[in-house]
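Working notes for the structure below.
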Amino acid sequence: MSASSMLAEHANRHGLELQRLETALEWQVSHWSGDMSDQDLKEWAAWLASHSGNQHAWHEVERLAGRLELVSPELGRESLKRPSSINRRQVLALLGLAGAGGMVARTGWVQRTIADCHCGPGEQRELSLPGGGELRVNTESAVNLYQGKIEVFPGSEIALDTRSASQSALFVEMAGLQWQAGKSHSVLRDYGGQLRVSLLAGEVALLSGHAGAPLIVHEGEEVLLSPGGLQRRPLDTAAVLAWTRGVLLADRMSMGDFLAELGRYRRGFLYCDDAVKDLIVSGAYPVNDTDFALQSLAQALPVEVHYRTPWLVHVSHAEKNLVAV
């Protein structure tokens, strides 16, 4: 049976209109691609709200994605890079039927899902390392643990405390770089193209992957590494450790950036209108209750929060209440 026929049969079995299911899959792949613009999100939201059949189809796509824990954009990128000789609809069909056993994938999300420690949206885990020390893994992050080495997956964030470790030669592989942790307490985050290393105690050394002399990061220092170069700056301890205490600490953050950060801790999508994306957000917001955080946002700023569904949330400028006299 062809992939298109399998998709048609799946739509019929679940009471879905084939065209709406295909469109929902197109939108899902666009989300996975990581290239969705604000206008794309608005068009997707309008499509979703325009017909109950669209919502039904989207729920089914979300269900299939959830069964495979497809939380990383890597899958979408790999699918979109397939040779043009492969029909796009066939690729979408295979993606859509993955939860029913229609696809055996060998892309990066598989390795991420079966990693030694994998946290989905809103999840955090704390691990004791075999040689001593503690590792905390943040939302949408994954690591593999080896003897004397930690492999950190792209887009991840970790807090590593090895001050009590019996061994000093613990290595961390992250963003194509290798670090020696030593006796230190650090927080590392891969932004996808930029790596942030924050040292709360001790020092770490970059052993490979960086041009020039060996790079040492000292206590009280933060280093940003990107293709554009190296930047050192003083460490803001409270901001760096906030997530380990269940808090998103915003210090004059734009609304767009704030929603992107908060969105890491919940399933679904947060987006805002252009009219409010540059509003300044400050304060401490709980990451374990993102709905409360959004309510607090609406109380502090002239914005309204609209739940199109529990997993599709839109922030707009607050309309003035007109009181009849």
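The values are calculated or read from the model by the stated rules, or taken from the named source; none is laboratory data. None of the values given here were measured: they were computed from a predicted structure. Positions of Cβ are generated from backbone atoms using ideal geometry, with glycine treated the same way; all protein chains shown enter the neighbour counts. Ligands, DNA and RNA are excluded from the accessible area calculation, which covers all protein heavy atoms including side chains. Shrake-Rupley method; radii C 1.70, N 1.55, O 1.52, S 1.80 Å.
Values for this structure:
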read-out: Accessible surface of region 180-319 [probe 1.4 Å, protein heavy atoms]: carbon and sulfur percent; value: 51
read-out: Placed amide H near Gly155: partners under 5 Å, 5+ positions off or other chain; value: Asp190, Gly192
read-out: Added length on full extension, which subtracts the Cα-Cα distance from 0.36 nm per residue, Gln178 to Leu207; value: 9.9 nm
read-out: Distant-in-sequence amide H partners of Leu200 (H built 1.01 Å from N, under 5 Å); value: His185, Ser186, Val187, Gly220
read-out: In sequence order, calculated HN-Hα J values of region 188-194 (Karplus, 6.51, -1.76, 1.60; Hz; x Gly/Pro); value: 10, 9, 9, 8, x, x, 9
read-out: Accessible-area value, Arg233, 1.4 Å probe, nucleic acids and ligands omitted, Å²; value: 90
read-out: Estimated FRET transfer efficiency (His317, Lys149; beta-carbon r; R0 45 Å; 0.05); value: 0.35
read-out: Sequence of His31, His56 from largest to smallest accessible area, 1.4 Å probe; value: His56, His31
read-out: Inter-probe distance in nm under a simple model that places probes 7 Å from Cα toward Cβ, at Ser50 and Glu9; value: 3.1
read-out: Where Trp58, Trp27 fall by accessible area, highest first, once all protein chains stay in place (1.4 Å); value: Trp27, Trp58
read-out: Region 166-206: radius of gyration and largest Cα-Cα distance (Dmax), Å; value: 10.2, 33
read-out: Length added when fully stretched, Glu134-Asp40, from 0.36 nm per residue minus Cα-Cα; value: 29.7 nm
read-out: Karplus-derived 3J(HN,Hα), 6.51/-1.76/1.60, for each residue of region 41-46, Hz, glycine and proline x; value: 4, 5, 5, 4, 4, 5
read-out: Fully extended contour minus Cα-Cα distance, from Phe292 to Gln231, at 0.36 nm per residue; value: 18.4 nm
read-out: Amide H contacts under 5 Å for Gly182, placed H, 5+ residues apart; value: Leu170
read-out: Rounded to whole Hz, the Karplus (6.51, -1.76, 1.60) HN-Hα couplings of region 150-156, x for glycine and proline; value: 10, 9, 9, 7, x, x, 8
